[in-house]
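Nothing in this text is a laboratory measurement; each read-out follows from the coordinates by a stated rule. Nothing here was measured: the structure is a model prediction, and the numbers come from that model. Methodologically, a virtual Cβ is constructed for each residue, glycine included, from the backbone with ideal geometry; neighbour enumeration extends over all protein chains shown.
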Amino acid sequence: MRIERNNYQIGIYLEKALTDKNMSVKQLSDCTAINIRLLSKYLINEQCPSLTNIQKIAKALDKDVEYFTKDAYYKDILVSEYNGWASPSNTEK
């Protein structure tokens, strides 16, 4: 079953980045320690990666995280997480 959140298609970005870097999914798996099956699910848009995995992928492919987070789905998550970090309960007194 294909899961689409706000029509986000990370596979498009991931495939282009792999091509630009001339890297295989296996090589990306080796560089990131992300299971090749999970990376394959990202490529076919069956699953959306966590922000942690996006950071690993971006680093391995020499891309900014923003390259993979242009979509509103991830922007909403980033804003939510940022607001959580900045909340009074998460700041030192």
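Once the Cβ-Cβ distance between Leu38 and Asp62 is put in as r, and R0 is 25 Å, what FRET efficiency do you end up with, to the nearest 0.05? Step by step, r from the Cβ atoms, then E = 0.75. Packing, taken as the mean count of other beta carbons within 10 Å per residue, orders the peptides 32-39, 56-63, 19-26 from highest to lowest as 56-63, 32-39, 19-26. Once both labels are modelled 7 Å past Cα along the beta-carbon direction, what's the Thr19-Gln55 spacing in nm? In this crude spin-label approximation the distance works out to 2.9 nm.
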